[in-house]
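Visitor: Here it is, the structure, as structure tokens.
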Amino acid sequence: MTAPFRMNSFQGKQVLALVRDGDYAHAGEEEAIEQAMAAFPKDPARRILDAGCGRGGTAAYLQAHGWGQVTGFDREADSIPWARERYPHVTFHDCDLYHVAGVIQGPFDMVTLFNVLYALPERARALEILAGLTAPAGRLMIFDYVDPGNFPDSDSAHMTAPELPPPPKLADLPDLLAAGGWRLDETQELHAPYERWYADLVARIEAKRPAIEDLAGAEGYTHVHETYADMLHDIRQGTLGGAIVYARKA
């Protein structure tokens, strides 16, 4: 029996890389990285841990553009050999976030999560583990989906599962971060950019339908299109949003 198509699988990340013309699995691709990291001066000596790095495109971009020396990790094992081969100057590890402390040695000056936190169970525990790998006064940058306050009214059922809560609520972020050993500095809402990014993404998915079907089959294309069309609808309805969250180790 064929396993169901999942966006966070190796094949799902292949499809997103095809659609986005790069090894990115997060909204906004390079524009989003630039916006999220604009708050930090470039420092090639900065030690950055990119959690949930996927196929490595974001980690490689951060390092190539001078924000620091990057170590990326992801639990999706098939993505890491790809990342190592394509971006040999970046360090990559195959491991689960909840076991990362046994694989990767800190301390790091910064931790980055690009569309990762929403997909984690036990979010406070995950943040606590990452804080344990971070130097005193180390920084945290989260670029992610958020619940503006009425996510239960959305159509984005694909974003939740029995083991996952809905995306974090904006109002709950200070307490969530504090429970994980971090102190919130600033939150930048990204609802308008998310709408623009996802409208463009849906259009690109439609334009690349033949290539997506070659890679993932007709059912794969349908899953991808419905996933992001639903998300775009929810963003436009105000039931799903995005944000950049800046924090520092408490």
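Visitor: Mind checking the per residue accessible area of the chain for me, 1.4 Å probe, whole number of Å²?
Guide: Here the per-residue accessible area is 44 Å².
Visitor: Would you report the distance distribution of C-alpha pairs in the chain as whole percents per 10 angstrom bin, up to the bin with the largest distance?
Guide: 7, 32, 39, 19, 3, 0
Visitor: Continuing with this model, one more query. Quick one: Karplus J couplings for segment 135-142, per residue in order, coefficients 6.51, -1.76, 1.60, θ = phi - 60°, nearest Hz, x for Gly and Pro?
Guide: 3J(HN,Hα) across segment 135-142, in whole Hz: 5, x, 6, x, 10, 10, 10, 10.
Visitor: Which of the helices in the chain meet the span-like rule: DSSP H, Cα axial reach of 27 Å or more, Kyte-Doolittle mean at least -0.5? Display every interim value, and only then the final one.
Guide: Values: long enough: 209-237 (33 Å, -0.68).
Helices meeting the span and hydropathy rule in the chain: none at all.
Visitor: What FRET efficiency would be calculated for the residue pair His89, Asn150, taking the C-beta separation as r and a Förster radius of 35 Å, to the nearest 0.05? Please list the in-between numbers first.
Guide: Values: r = 44 Å, r/R0 = 1.26.
The calculated FRET efficiency here is 0.20.
Visitor: When the C-alpha atoms of segment 163-250 are aligned to their principal axes, what extent does each axis show, in angstrom, from largest down?
Guide: Projected onto its principal axes, the Cα set of segment 163-250 covers 49, 28, 19 Å.
Visitor: Calculate the translational D of segment 21-98 in whole µm² s⁻¹ from Stokes-Einstein, where the hydrodynamic radius comes from the Kirkwood formula applied to all Cα pairs, the temperature is 25 °C and the viscosity 0.890 mPa s.
Guide: On the way: Rh = 12.4 Å.
The Stokes-Einstein estimate is 197 µm²/s.
Visitor: Could you give the size of the charge dipole of the chain about its Cα centre, using +1 on the Cβ of each K and R and -1 on the Cβ of each D and E, expressed in debye and rounded to the nearest 20?
Guide: With Lys and Arg at +1 and Asp and Glu at -1, about 720 debye.
Visitor: List the aspartates and glutamates whose alpha-carbon lies under 19 Å from that of Lys208, not counting same-chain residues fewer than 8 positions away?
Guide: The reachable aspartates and glutamates, counting only those whose Cα sits under 19 Å from Lys208, are Asp21, Asp23, Glu29, Asp200, Glu219, Glu226, Asp230.
Visitor: Put +1 on the Cβ of every Lys and Arg and -1 on every Asp and Glu Cβ in the chain; which of Gly106, Pro81, Met231 then has its Cα farthest towards the positive end of the dipole?
Guide: Gly106
Visitor: Assuming 0.36 nm per residue, please report the length gained on full extension of the stretch His65 to Asp78 beyond their Cα-Cα distance.
Guide: 2.1 nm
Visitor: Report, to two decimal places, the Cα Rg of segment 81-127 normalised by 2.2 N^0.38 Å (N = number of residues).
Guide: Working: Rg = 12.3 Å, N = 47, 2.2 N^0.38 = 9.5 Å.
Dividing the Cα Rg of segment 81-127 by 2.2 N^0.38 Å gives 1.29.
Visitor: Need one value: the accessible area of Tyr118 in square angstrom, 1.4 angstrom probe, rounded to the nearest 10.
Guide: Roll a 1.4 Å probe over it and Tyr118 shows about 50 Å².
Visitor: Can you work out D for segment 36-175 in µm² s⁻¹ from Stokes-Einstein, where Rh is the Kirkwood radius over C-alpha pairs, the temperature is 20 °C and the viscosity is 1.002 mPa s?
Guide: On the way: Rh = 15.7 Å.
For these conditions, the coefficient is 136 µm²/s.
The values are calculated or read from the model by the stated rules, or taken from the named source; none is laboratory data. Because the structure is predicted, anything quoted here is derived from the model rather than measured. For neighbour counting, all protein chains shown are included, and Cβ atoms are generated from backbone atoms with ideal geometry for every residue, glycine included. Note: accessible area is taken over every heavy atom of the protein model, side chains too, but ligands, DNA and RNA are not part of it. Shrake-Rupley method; radii C 1.70, N 1.55, O 1.52, S 1.80 Å.
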